[in-house]
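The values are calculated or read from the model by the stated rules, or taken from the named source; none is laboratory data. Fair warning: this is a prediction, and the values are worked out from it, not measured in the lab. Cβ: placed from backbone, ideal geometry, glycine included. Neighbour counts: every protein chain shown.
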Amino acid sequence: MWLKKNKAPKETDAPEKLRYSRYYEHDGILRAYANRAMMLAFLCVPTTMLALAFAVYIRLQPPTVIRVDANGQATILGVNKAAISVTQGPGSEPTEFEKRAFVHLFLERYLNFSPSNVSRNWADSLNMMTANLRRTAYAGMEKDDFIGKIEDDQTTSEFQLRTLEAAKEDPLSYTAFGVKEVHHIHDHNEAIDKVVSEFHVRLLVEKRSEQNPSGLLLGEYWERAIEGEKRDWVLQQAGLNSAR
């Protein structure tokens, strides 16, 4: 019996009410959690307001409308003209990109044709020339009746430009090499001519306008067929058969 009396009481032997923590400890924990939640809510408010303001700003912006004219020039509607760069003014010089694109467009229009579109293609090509060159070219077309012969023989021309280089002595002169594949149909027979030619184009610069946004005109043009090793090289670079 004396052994039981000397045994130290365990914590579990204490009354159940004494094992509860004090009420203010629970209250402190709850208040700490509440403070953390409040702090997180205050941190989220600026982020939410910023996102809302950005969404409203984007929503109020007008849509971007781009207009492309008949010459392929793209303009943004609604943009203040005062913001246009000086290089785009009516007196600005055409860039190298514009000059090469002008020459390429002329060759594509003038050398690609069929009986159904030759009149339109050549009319567009003539409009890219100076007035005196246009008169000379048109007089030659009428004299030899080129359009009538193309329609009678059902002639079709397919042109492939191989190289286009600016002359070192004149930045407005260009030399091009290309291949024309001309199909003729006469008396139910087809004849195919593959002509490798050198093309010379000299440009002139005038003031930019709505009728001529690039400010470029064709001042001189000629072409000549080439033979020999240079012809074979052009055909090889163009990926065509060099057989004559």
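Overview of values
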read-out	value
Only one of Leu204, Leu126, Leu217, Leu172 that is in contact with a Phe, Trp or Tyr (Cβ under 8 Å, 6 or more places away or on another chain) and among the aliphatic types (A, V, I, L, M)	Leu126
Whichever residue in region 128-140 is loosely packed, with under 14 Cβ neighbours inside 10 Å and not small (Gly, Ala, Ser) and, among such residues, is nearest to Pro94 (Cα to Cα)	Asn132
Members of region 148-170 found to be in a loop (DSSP other than H, G, I, E, B) and closer than 30 Å to Phe97 by Cβ, listed by number	Ala167, Lys168, Glu169, Asp170
Of all residues making up region 185-225, the number that are in a strand (DSSP E or B) and within 23 Å of Thr136 (Cα to Cα)	19
Tabulated pairs, region 158-171, first within 26 Å of Val118 (Cβ to Cβ), second among the β-branched types (Val, Ile, Thr), C-beta under 6 angstrom, 6+ apart or interchain	Gln160/Val179; Arg162/Val234
Count - residues of region 129-147 that are touching a strand residue (DSSP E or B) at 6+ places or on another chain (Cβ under 8 Å) and assigned to a helix (DSSP H, G or I)	2
Residue pairs meeting the criteria (Cβ under 9 Å; at least 6 apart or on separate chains; first of a type in the set (A, V, I, L, M, F, W, C), in region 33-54; second modelled with pLDDT of 85 or more and loosely packed, with under 10 Cβ neighbours inside 10 Å)	none
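This table checks each residue for (1) of a type outside the set (Asp, Glu); (2) within 27 Å of Lys194 (Cα to Cα).
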{"residue": "Pro94", "(1), (2)": "yes, no"}
{"residue": "Phe106", "(1), (2)": "yes, yes"}
{"residue": "Ser116", "(1), (2)": "yes, yes"}
{"residue": "Glu142", "(1), (2)": "no, yes"}
{"residue": "Thr155", "(1), (2)": "yes, yes"}
{"residue": "Gln160", "(1), (2)": "yes, yes"}
{"residue": "Thr163", "(1), (2)": "yes, yes"}
